[in-house]
Amino acid sequence: MTFTVATYLAYLVISIALTVWVGRTLFKNGRVFLVDVFAGNEALADSTNHLLVVGFYLINLGYVAFALTLGRDLPDLRRAIEALSGKVGGVLLVLGLMHFANLFVFSRVRRRANLGRALPPIEPDSCLAMGARG
Amino acid sequence: MTVRVPRRLVVLYDARCSLCTRARGWLDRQAKYVPMDFVIAGSAEAHRRFPDLNPAATLEELTVVGDGGQVYLGAKAWVICLWALREYRGLSLELGRPSRLATARRFVAWFSRHRLRFGVVPRVHLG
């Protein structure tokens, strides 16, 4: 096995493991958040959570597959480690960006949901006795 | 004092001023958390629905009445209208803070005083 192939394999193992770990973290912790956002509607929260995580996996694994090719041979261990580091670094940055994008979406959805439940910021000036109609 | 949160609002607007009718049209088009009805201030319908309100006062200042009888005047009326709108509830919560409300009140009062200068709708039938 050449250094190049070994680097590819190491890259795939590390990247996929990282993606799965981040995806699972998102799945576990996002659920609590979404249940709150959807006012306790667990079925809707689970469904949304699942859809979000599927999108997350698709984008990340897509990137991992896309960025695999090195385009050059690696003659020794030093170059192999450098190349691997660069590739894994790229994956980590994409994962980080996706993670923050997800948090952003969550916080927006939550803000909206909280606004929907917000009471008026003011008390009325007076109150009429309401008859049959108003 | 805890007052029930309004679930429906009636906006009494001054049909003589074009700014007010345009504001009414704008409010009408917005997506809402709380539905709104519009009644011309000082009209027979306004009197029928709210006999206890002084018609002259409702022509003086924007008046909004909630379904629980809550009456909001001037700046507060604007704040409660914005609170009812999906896109502007955040703004309403900002403007409704005591520190901001004073400024909003001055601003709205100034506009109310000068509103007829921004255009008068000719020959309106209050009815």
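Taking every alpha-carbon pair under 8 Å whose residues sit at least 6 apart, region A:3-134 reaches a relative contact order of 36 percent. For B:F38, the residues whose modelled amide H falls within less than 5 Å of its own, excluding neighbours fewer than 5 places apart on the same chain, are B:V11.
For A:V35, what is the net charge nearby, where nearby means another residue's Cβ is under 9 Å from its Cβ and Lys, Arg count +1, Asp, Glu -1? The partial results should precede the final answer.
Numbers: positive: A:R31; negative: A:D36, A:E42, A:D46.
Taking every other residue near A:V35 into account, the sum is -2.
Here chain B carries DSSP beta bridges of which approximately 65% are antiparallel, counting only pairs with both residues inside. Max-minus-min Cα coordinates of chain B on each principal axis give 38, 30, 27 Å, with the largest extent listed first.
Peptide B:112-118 has a mean shielding of 0, counted as Cβ atoms of other protein chains within 10 Å of each residue's Cβ.
Would you mind giving the average projected area, over all directions, of the Cα convex hull of region A:74-134 in nm² with one decimal? Could you put the intermediate results ahead of the total?
Numbers: hull surface 29.0 nm².
Over every viewing direction, the Cα hull of region A:74-134 projects on average to 7.3 nm².
The alpha carbon centroids of region A:20-40 and region B:1-42 are separated by 39 Å. Seen from A:S126, the other residues with C-beta closer than 13 Å to its C-beta sum to a net charge of -3, counting Lys and Arg as +1 and Asp and Glu as -1.
Compared with the rule-of-thumb size 2.2 N^0.38 Å for a compact globular protein, chain A has a Cα radius of gyration ratio of 1.70. Take each residue of peptide B:4-15, count the partner chain Cβ atoms within 10 Å of its Cβ, and average: the result is 1. A protection proxy built from the mean count of other Cβ atoms within 10 Å ranks the segments A:71-77, B:67-73, most packed first, as B:67-73, A:71-77. Placing +1 on the Cβ of every Lys and Arg and -1 on the Cβ of every Asp and Glu, with no other charges, gives the protein assembly as shown a dipole of roughly 560 debye about its Cα centre. Size estimate for region A:67-107 follows the Kirkwood approach: the inverse of mean 1/r over distinct Cα pairs works out to 11.9 Å.
Peptide B:83-93 is shielded by partner chain Cβ atoms: per residue, an average of 3 of them sit within 10 Å of its Cβ.
What does the charge count around B:L91 come to, taking other residues whose C-beta lies under 12 Å from its C-beta (Lys +1, Arg +1, Asp -1, Glu -1)? Display every interim value, and only then the final one.
Numbers: positive: B:R86, B:R89, B:R97, B:R100; negative: B:E87, B:E94.
Computed value for this residue: +2.
In order along region B:20-27, the Karplus-derived 3J(HN,Hα) couplings, from 6.51 cos²θ - 1.76 cosθ + 1.60 at θ = phi - 60°, round to 5, 5, 5, 4, 4, x, 5, 4 Hz, and Gly and Pro are given as x.
For B:K76, a cut-off of 15 angstrom between C-alpha atoms picks up these aspartates and glutamates, skipping any fewer than 8 places away in its own chain: A:E123, A:D125, B:E60, B:E61, B:E94. Taking the DSSP bridge list for the protein assembly as shown and keeping only pairs wholly inside it, about 70 percent are antiparallel. Of the residues B:C20, B:H47, B:Q70, the one whose Cα sits farthest towards the positive end of the charge dipole of chain B is B:C20 (charges of +1 on Lys and Arg Cβ, -1 on Asp and Glu Cβ, taken about the Cα centre). Summarised as an ellipsoid, the protein assembly as shown has semi-axes of 61, 19, 14 Å, derived from the eigenvalues of the Cα gyration tensor scaled by 5 and square-rooted, with the largest first.
The numbers here are math on the coordinates, done by the rules we state, and not lab data. The model shown is predicted, which means the values in this text are computed figures rather than measured ones. No Cβ is skipped: glycine too gets one built from the backbone with ideal geometry, and neighbour counts run over all protein chains shown.
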